[in-house]
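One structure below.
FYI, it's all coordinate maths here, none of it is from the lab. Predicted model only: the values in this text are computed from it and were never measured. Counting neighbours? That spans all protein chains shown, and the Cβs are built from the backbone with ideal geometry, glycine included.
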Amino acid sequence: MTTLTFKEIMLNSASFGEKNPMPDLKNNSYIHSKISRGDHLTEEDSRCVGMGMISTLLPYLSEDDYDRDLKMRPFKAAILENDMMRAVFLPELGGRLWSLYHKVLCRELLYKNEIVQPANLALLNAWCAGGVEWNVGIKGHTPFTCSQLFTAEGKTASGDPVLTMYEYERIRGTVFGINVRLIDDKLYIRTTIENVSGGDTFTYWWSNIAVPERSVRVLAEADEMIGCIYAKDGYTIDRMQAPIFAEADISYPERASHAGDVFFVLKRPSRPWIAAIGEDGIGLLQYSTTALRGRKVFFWGKGKGGRNWNRHLTGSDEGYIEIQAGLMRTQLEHRPMAAGETIEFTECYTAAALDKELLSADWKAASAALGNEVAKLPDPKSIDIPLKASRDIKHLGSGWGALEKGKSRYYEFPESSVGNAEAPWKILLEEGRLPASSPKLPPESYYVSREARDKLLEYSKTESGRNWHTCYHLGIMNYALGDIDAAKEQFELSHELCPNPWSLRNLAMLSKAEGDMRDAVQKMKQALDLGGDLCRGLVLNAADVFTEGGAPEELISRYFGFIDEIRGCARLKFYLALAYLRTGDLSSAKEIINEKFEMADIKEGELSISALWRELYDEDTPIPDRLNFVMKE
């Protein structure tokens, strides 16, 4: 008998802080790195690479206020359990499958992280390692990875519990949901992605599965794979013979010299699967219906930077890797979706066993042997996991889906989910007006659609609607919809109607993107003087502009006037050290950047600390391992 329980569990976690209210302007280089294609890629390999890329993460807000102060904190959990297996999901971390424990084998099948430590690897910044993450919508770690999903309980016709978690994805205009059922020692997950945008769009899906690295071998049936080689400002992808990557047999990920990932070109696409098997012949198997056709392995490698990243995310020297499954062959592609289309697939997570001698022999023979066993397992498509059953909602997600007025065929977005962030936009859509807000406070949320822009534009022509707040949000909508000139005009009008730091900040960011650093510096000064120095996000933007725009003394002169909460930010201290360096004060810079320095939001692929260290110290003072985040050395 399977049970589904909802409870709180205590986990050793950092604080996630507050969302950054500063809108994402000109962040494309951070969203999508440059992609170079190798000579051996086929036309099929390259067909969708680069399609569906976006230029801004609006209307989402960045999540960059976390720390590294670990404490025992409560998390909501949904637990499916029977006599053979226990699966623990965390709705507040994007529905992540945190633990999958096999009771008969007395084995945790996943890498279960001992800490919940955000780091700067996701689209919205904050990301945590461990378990299984569900990535939807846009290339990269999902906007929901550190957000709460709607969580509900349903039942099959036979009365077995089904766990459902779902949300509305705002950039693509899609609704996704995962529906989970546990049968014996097999965890089945039926996923839907519905295009409710009203037009054609793109989407993306990868299930990222963390497993222990030590003595593990990754198996998949493939003669070739597409390797992804990291460079300073992007990736190079090319076909190569499986399983050799950078002269190492990466079916044993511990052997990789540096971080990387490879995508297997599967030989048996009718039953796609991937497995990570320990040296005792036992491990995790993931297989699925045919729609989920991509399979990948990611590894940190043996380099100092990769090992430090592993410790940064887990607080441990115990390594992990990820085996992954996705809609497309690689993660550099988006899948086109027609208007009204629904994508559906079912995954199965279970234990796998292979003779130890066969496991350590030829990779292709071992993979073929396991593949023959996978072919005998139940077809995931045949498992009864209803999509239209009545459900009891246990936890609410965001209120954005409620604004779509029931466009999903499978999932309910009740009006009770509408909170402070969504309420003004509900009024705009239903009444054609947007409640005003104080210019002393940054806007709490953003909304982007052509319908909303048209309504807001009409409202701006009325006496009550002609105000800084309306114009500010018209600027945001125009920017997100690709009309940069119109956005700039609205930000200027917003500031003209009522001087405010938020429009000035946006104008400064647009000037920075255009290369006019002198104007960017001037506008950031004005924004700080108007009260922007109380907003952490704006201060960090200003510090970036001052150091890049040739005004480091401006940051130095203002730093000690910031409130304690902002002054203690490690990212701001990094900018301050850079400002000291630019003014020739190496001593003050070294007081910040030394072996004790720690910056919680160092970004994956970011080399800023290493570069600054080399400028401050001589060659006889190598960068400490704990500050080395170089992915490829």
Cα gyration tensor, region 301-379 - rounded (a/c under 1.5), prolate or oblate: oblate
Taking the chain and dividing mean pair separation by its residue count, relative contact order in percent (alpha carbons under 8 Å, at least six apart): 13
Degrees separating the helix 363-374 axis from the principal Cα axis of the chain, which is the longest one: 80
By how many degrees, between 0 and 90 and to the nearest 10, does the Cα long axis of helix 517-529 differ from the longest principal axis of the chain? 80
Cα gyration tensor shape for region 1-89, rounded if a/c is under 1.5, else prolate or oblate: oblate
Determine, for VAL262, VAL521, the number of other Cβ atoms within 10 Å of each Cβ, and report the residues in order from fewest to most. VAL521, VAL262
Once you have all Cα-Cα distances for region 158-309, histogram them in 10 Å bins from zero and send the whole-percent values. 10, 31, 32, 23, 5, 0
Degrees between helix 450-460 axis and first principal axis of the chain (Cα, 0 to 90, nearest 10): 20
Lysines within cross-link reach of LYS590: Cα-Cα under 19 Å, excluding same-chain residues under 8 positions apart? LYS573
In deg cm²/dmol, rounded to 500, what helix-only [θ] at 222 nm does the chain give when every DSSP H run of at least 4 residues adds -39500 (n - 2.57) and the total is split over its residues? -7500 deg cm²/dmol
Beta bridges by DSSP in the chain, antiparallel share as percent, to the nearest 5: 95
Arranged by the count of other C-beta atoms within 10 angstrom, fewest first, what order do VAL448, VAL545 take? VAL448, VAL545
Can you put ARG217, ARG558 in order of Cβ neighbours within 10 angstrom, beginning with the fewest? ARG558, ARG217
Can you give the longest stretch of the chain with no exposed loop site, where a site means chymotrypsin sites (Phe, Trp or Tyr not before Pro) in a DSSP loop (not H, G, I, E or B) with at most 16 other C-beta atoms within 10 Å? 1-559
Global size of region 548-605 as Cα Rg and Dmax, reported in angstrom: 11.5, 32
Whose amide H sits under 5 Å from the amide H of MET85, counting only residues 5 or more places off or on another chain, with H placed in the peptide plane? LYS103
Using the Cα centre as the reference, give the magnitude of the dipole from point charges on the C-beta atoms of the chain (Lys, Arg: +1; Asp, Glu: -1; all else neutral), rounded to the nearest 20 debye. 840
If you project the alpha carbons of region 307-449 onto their three principal axes, what span does each projection cover, largest first, in Å? 70, 43, 32
Can you give me the long-range amide H partners of ARG268? Hydrogens built in the peptide plane at 1.01 Å from N, cutoff under 5 Å, separation of 5 or more residues or another chain. none
Would region 414-463 count as rounded, prolate or oblate if I go by the C-alpha gyration tensor, calling it rounded below 1.5 in a/c and otherwise prolate when a/b exceeds b/c, oblate otherwise? oblate
The size of the Cβ-based charge dipole (Lys, Arg +1; Asp, Glu -1) of region 227-357 about the Cα centre, to the nearest 20 debye, is 320
So, how do all the Cα-to-Cα distances of region 347-400 break down into 5 Å bins, in percent, from 0 on up? 4, 13, 16, 13, 12, 10, 8, 7, 8, 7, 1
Residue (of PRO624, ALA436, TYR411) at the positive-pole extreme of the chain, dipole from beta-carbon charges: TYR411
For region 40-181, the dipole about the Cα centre with charges only on Cβ (Lys and Arg +1, Asp and Glu -1), to the nearest 20 debye, works out at 280
10 Å-binned pair-distance histogram of region 309-354 (Cα, whole percent): 16, 29, 33, 18, 5
In sequence order, what are the phi-derived ³J(HN,Hα) couplings for region 328-341 according to the Karplus relation 6.51 cos²θ - 1.76 cosθ + 1.60 with θ = phi - 60°, rounded to whole Hz, with x for glycine and proline? 10, 5, 10, 8, 9, 10, 10, 9, x, 10, 6, 4, x, 6
Amide hydrogen neighbours beyond the local backbone of ARG96, cut-off 5 Å, H modeled: LEU90
Tell me the label only: which of [x] 44, 31, 23; [y] 41, 31, 22; [z] 65, 30, 22 is semi-axes √(5λ) of the Cα gyration tensor in Å as calculated from this structure? [y]
